[in-house]
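These notes are about the structure you will find just below.
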Amino acid sequence: MLKNSWISGRKKIIYSFKNKMLSLVIFFVFVFLLPVFSYSQEILSRAVVVMDASTGRLLYAKNPDLRCPPASTTKLMTAIITLERANLNDVVTISKNAARVPPHKAGFRAGDRMTVEELLNAALIGSANDAAVALAEAVAGSEEKFVELMNMKAISIGASNTFFINATGLPGSGQYITANDLSRIMSYALKYPKIREIIGTRVTQVSATNGSSKLIRNTNRLLWSEDDLVGGKTGYTNKARHCFVCAAERKNDTIVVAVLGSPSREELWRETELLITKGFDVLNNRENPVFYVTNTEIDDYSIVKPSKRIHKIKKSSKKISFAKKSKIKSSKEKIYAKGKIKKYKIAKSKTKNKKSFKFAKRTGVEKS
């Protein structure tokens, strides 16, 4: 009788202990997953990356390797190639081909003569397609040869899951970029003081050598409201939706935010401001990084499988916590396992033979 009573009491203690442990597990899972749920519900864009510009460390990522159309964020690479191969004071004559490129454009006429610096202002501040094509022709002799330089440069800086088909970002078959690669390109672009200066300019006058001038206003609205913003580049096509990549600085920290496929321009600005705050909170150890993948697909673009090529990210001195791998039925998201970031896999780009790839026709609408 006494023995049975002792066994019964022991079972109750064990049962009570198991319940307490289960409660603790549920509590900690809730605490760690809460940021993932909240941010996944607040970020509506197809793909997003927040990156530490100096180390390449991912601070926030949603579908970082989802291939999306780049729209006018392409012009960042156009500016990089131009600055590597031309002088700012070089004079460029606008060709008929550049003058008739579809909007958005500055409205240059064939025969107008502009300096490289003025064309860079028009391309990066006003998102002018005619300026981008004029730069490509001046630097490489043709837009096609210029694009070869763009694609080689992308691979050399680690943006190996990107493929350009023009210097503007206008729609075309086979053109894609990922939020991760776009962040890498912006991080690289920040090394050029002229690019930093131009993308941080709100309004400017673009003048031709004949004295005519045009007032150009920056398509980046956050320059008027976000004090930490260094600058950025917008983009839009019907297929790409609203895109944006920018850099922000606080004290000695610089982060890059890349947003692809936002449903509206207002949503684009809201998400960017939220992600800037998120990025600096992670850098200052006030929040944990969040990394997740949804089942999103963009027409013929899809989330690429990791390849054997590995890009290392600088280790953090503090352990980075991710939520435990699981499936969320409501949004079908995959949450990456908790632990330190040691390696980050990027898929190889399936680039076509540079000698045989065909240019896509410049069709569609590029707003900015």
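Derivation of every value follows stated rules applied to the coordinates shown; laboratory data play no part. Remember, predicted model here, so these are calculated numbers, not experimental data. Cβ: placed from backbone, ideal geometry, glycine included. Neighbour counts: every protein chain shown.
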Extension gain, residue 89 back to residue 109 (0.36 nm per residue minus Cα-Cα distance, nm):
5.2 nm
Once the Cβ-Cβ distance between residue 96 and residue 54 is put in as r, and R0 is 35 Å, what FRET efficiency do you end up with, to the nearest 0.05?
0.20
Across 75/239; 145/194; 105/214; 153/278; 214/239, pairs whose alpha-carbon gap is larger than 19 Å
145/194; 153/278; 214/239
Using a Förster distance of 22 Å, the FRET efficiency for residue 284-residue 202 (Cβ separation, nearest 0.05)
0.15
Rounded, prolate or oblate, given the Cα gyration tensor of the stretch 118-177, with a/c below 1.5 counting as rounded?
prolate
Burial order of peptide ranges 45-54, 135-144 (average beta-carbon count within 10 Å, highest first)
45-54, 135-144
When a footprinting reagent is the concern and you count Cβ atoms within 10 Å, what order do 170, 190, 119 take, fewest first?
190, 170, 119
So for 256, 92, fewest C-beta neighbours within 10 Å to most, what's the order?
92, 256
